[in-house]
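K.L.:
I have a structure I would like to understand better, so I am pasting it below and will then ask my questions one at a time.
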There are 2 protein chains.
Amino acid sequence: MKKYLQIMALVGAALTLSGCGKLKDSSLANNATTTSTTRKKSYQTTNTGKNGYTVLMKNGRYVISEIAGLTATDNDNSVDTRELERGLIKISQNQFSPNQYVFQEGQYLDTSTVTDWLSRKSKSNPNGLNPVNNGKKDANKRNPIYLEEIIEQDYLTGLGSKYQIGGMSLGLAMNSVDYYQKKRNGAEFQTDISRAEQRAQGEKMANEIVARLRKKKALKKIPITIGLFSKTGKDSLVGGTYFAYGTAASNSSKITKWKSVSEKMQVLPTTGNEKAINSDDASHFNDFKTAIQNYFPNISGVTATLRYDNGKLAQENISITTQFYGYEQIQSFTRLALSTAKKYLPNNIPIEIKIGSVDDVQALIAKETGDSDYLVHVYGGE
Amino acid sequence: MKKYLQIMALVGAALTLSGCGKLKDSSLANNATTTSTTRKKSYQTTNTGKNGYTVLMKNGRYVISEIAGLTATDNDNSVDTRELERGLIKISQNQFSPNQYVFQEGQYLDTSTVTDWLSRKSKSNPNGLNPVNNGKKDANKRNPIYLEEIIEQDYLTGLGSKYQIGGMSLGLAMNSVDYYQKKRNGAEFQTDISRAEQRAQGEKMANEIVARLRKKKALKKIPITIGLFSKTGKDSLVGGTYFAYGTAASNSSKITKWKSVSEKMQVLPTTGNEKAINSDDASHFNDFKTAIQNYFPNISGVTATLRYDNGKLAQENISITTQFYGYEQIQSFTRLALSTAKKYLPNNIPIEIKIGSVDDVQALIAKETGDSDYLVHVYGGE
């Protein structure tokens, strides 16, 4: 099965979509830079906001994890990528306080190790975490690929030029659908994997991974948190979400207690027979959409992505796609969209309204007037 | 020459670039809507900010000028489009106070009239404002096309369902270069037109236009302001600027006094032998650019567009093009760009820093947290 393993090109379009988020407090703009005495190993940190982690950089550069983008099959849906990382950071905040730990993308798992882990178990690959190929072709009799991707995040403690690993988080992206072919280049079939099965397999793999990591000297005695993420099907418009996480305490090779995570995403307007998660939210969005679509003849699309945490609306990102012709027209439309948002949209959650023609800008820093402060906005919400 | 007249498709890519600007005060979000008693003629206005105009809409829709995008030749450079409109609005504010007048795109000049005006004068087109074809092919002996485009803006007074024209502004886009061919489908040659010649021709045409407009009943007694705009050459990265304007008083068919406008645009880093308008500004930008380019390996471009009004820096828009991979990476980079901006960039002018992969989003409205106010930003600066 190794032939399916793909290291997605680092410049690949799919991954580019993942760079989103939001900074909460533009007043917290300290760029704490600490440089060690030797030039070769210079560490810098950059604070990423009120509730976010300080990021540890090396030789002035952001450090990327070697295994980022490594997947078990080619059935990857790019909308999962951002949530896989964002969700694990949120989970990690419960275990590794941003006040005590700095963040770095994972530096302990390497490509060759994870390539083996993501592959099926076999004689030549005893470390494979995905099940052996039992030779069956029937959707419900074959062994599907359960584990699609692993991401690693390191949480470090230290100061100046001395930082040491203090905790680690891993995200296991579990397939909710495994796509396969019965013969090479043949038609595509799929094995659906229930949430219960995702969870059972994920928990088992998580413990196996923790046991393996404990063999590395640096990782023997640190807490390791593992989140289980449910990937979406190929055609999903919204990313998958984490559904459970647990931590192996620093003196343990097992995760003994799993906590559930309830996070849901939905795109409005819904399509087909899909029902709105919350009909009030859907109707408020619809009022907003109708109001602004009346004003201009040339709006081609108004959609929203809503995120629910524990059943409560936690973020609403609206995208308005249009063709504008003039300076005054966009000024006037933006003002109108603002007042319409104030009238119809919920006022107690973060809301982003992006007006544009293509989904491309990722962040904005601007001073609105000469004497105002900068505003900072990273697209995609917190 | 009529075959060269082009009505740029309303959905054309070139014009799409023009929809930019900035709203100054997000607290001024009143959407004053006034509806008349008859359903057929319903007027609404929308306030566009502290120093901007309220826009008059009709039947709930923004009204577009019929002549928008109509050009004399096909040598149009799309970077001019936004400045042509924005600059005329700024000029108009001197004459038609946003407190007294509401804005509407021009409704008096129609396509057929302006098509005639933009064409060369000839037996069949006595109203052509561009000079007769003298048959000469030599760059300095032929009569170039001086006037490339006309835009109209109407400034109305009134209340409720009754609005009447109270003033008009026209922008005359004068070519600084006129491209031509000596034979059909042949090589391209160009006639350069000096600023003095642009001004002389523009002033003459302006008076001719005012005289013609005075024949229309509704326009007999309103002040008419005309701005002279210098278009850039085909390859310019920055838009052209207005260089003069004047007003025909309500009782006059002539513009007797012209005022000069000094506005300059520059893209940094400069290319070739071009010198920076202000070397301090260029060096501050360079410090900023160097600092952020050190941090990440994958930034592909950092450029700035600076606008100078009367020799003073008035706006700096920076565009950072990059490929980002992760949620935390963009969080961290944005924070870094913010602190670097605070360190190196001037703090007394509006600054926009756009981080993205393509130049596409036009405006943003967002609440950064549940309890914060909306921030509003339209790309491109004021």
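Just so it is clear, none of the values below were taken in a lab; they were calculated from the coordinates. Owing to the predicted nature of the structure, the values given are computational and were not obtained by experimental measurement. Backbone-built Cβ (ideal geometry, glycine too); neighbour counts: all protein chains shown.
K.L.:
Note the distances from A:Q293 to each other copy's matching label point, with points 7 Å along the Cα-to-beta-carbon direction, in nm, sorted shortest first.
P.N.:
4.6
K.L.:
Testing the spin-label approximation: label points 7 Å from Cα along Cα→Cβ at B:A211 and B:S97. State their distance in nm.
P.N.:
Label-label distance for B:A211 and B:S97, simple model: 3.4 nm.
K.L.:
Also, quick follow-up: Could you calculate the contour length gain from A:T303 to A:S236, that is, 0.36 nm times the residue separation minus the distance between their Cα atoms, to one decimal place in nm?
P.N.:
On the way: separation 67, 0.36 × 67 = 24.12 nm, distance 1.46 nm.
That works out to 22.7 nm of additional length.
K.L.:
Label B:K204 and A:A218 with points 7 Å out from Cα along Cα→Cβ: what is the distance between them in nm?
P.N.:
Taking the simple label geometry, B:K204 and A:A218 are separated by 7.8 nm.
K.L.:
Taking square-rooted eigenvalues a ≥ b ≥ c of the alpha carbon gyration tensor, is segment A:79-140 rounded, prolate or oblate, where a/c under 1.5 means rounded and, failing that, a/b exceeding b/c means prolate?
P.N.:
Details: a/c = 3.43, a/b = 2.03, b/c = 1.69.
Here segment A:79-140 falls in the prolate category.
K.L.:
Could I ask something else about it? Could you please rank B:F288, B:F189, placing first whichever residue has the fewest other Cβ atoms within 10 Å of its Cβ? Walk me through the intermediate numbers first.
P.N.:
On the way: B:F288 23, B:F189 14.
Going from sparsest to densest Cβ surroundings: B:F189, B:F288.
K.L.:
Taking R0 as 30 Å, what's the FRET efficiency between B:K254 and B:D192 from their Cβ-Cβ distance, rounded to 0.05? Before the final figure, lay out each step's value.
P.N.:
Numbers: r = 29 Å, r/R0 = 0.98.
E(calc), rounded to 0.05, equals 0.55.
K.L.:
Oh, and also: Starting from a label point 7 Å past Cα on the Cβ side, list the distances from B:K183 to the same position in the other copies, nm, shortest first.
P.N.:
The answer, with the shortest distance listed first, is 6.3 nm.
K.L.:
Could you give the C-alpha radius of gyration of segment B:92-211 expressed as a fraction of 2.2 N^0.38 Å, taking N as the number of residues it contains?
P.N.:
Segment B:92-211 yields a ratio of 1.31.
K.L.:
Would you mind checking A:K354/B:K234; A:K216/A:K254; A:K234/A:K289 for any pair whose Cα atoms are more than 24 angstrom apart? Walk me through the numbers before you get to the answer.
P.N.:
Numbers: A:K354/B:K234 31 Å; A:K216/A:K254 15 Å; A:K234/A:K289 28 Å.
Exceeds cut-off: A:K354/B:K234; A:K234/A:K289.
K.L.:
A further question on this structure: What gaps in nm, shortest first, separate A:E197 from its twins in the other copies when you place the label 7 Å past Cα toward the beta carbon?
P.N.:
Reported distances to equivalent positions: 7.8 nm.
K.L.:
Can you sort A:D116, A:D154, A:D178, B:D74 from fewest to most other Cβ atoms within 10 Å of each residue's own Cβ?
P.N.:
Numbers: A:D116 17, A:D154 26, A:D178 22, B:D74 11.
Going from sparsest to densest Cβ surroundings: B:D74, A:D116, A:D178, A:D154.
K.L.:
Can you sort B:K342, A:K259 so the residue with the fewest Cβ neighbours within 10 Å comes first? The partial results should precede the final answer.
P.N.:
Working: B:K342 15, A:K259 11.
Ordered by Cβ neighbours within 10 Å, fewest first: A:K259, B:K342.
K.L.:
Starting at the first residue of segment B:228-238, write each ³J(HN,Hα) from the Karplus equation 6.51 cos²θ - 1.76 cosθ + 1.60 with θ = phi - 60°, in whole Hz, x for Gly and Pro.
P.N.:
Couplings: 9, 10, 9, 6, 8, x, 3, 9, 5, 8, 10 Hz.
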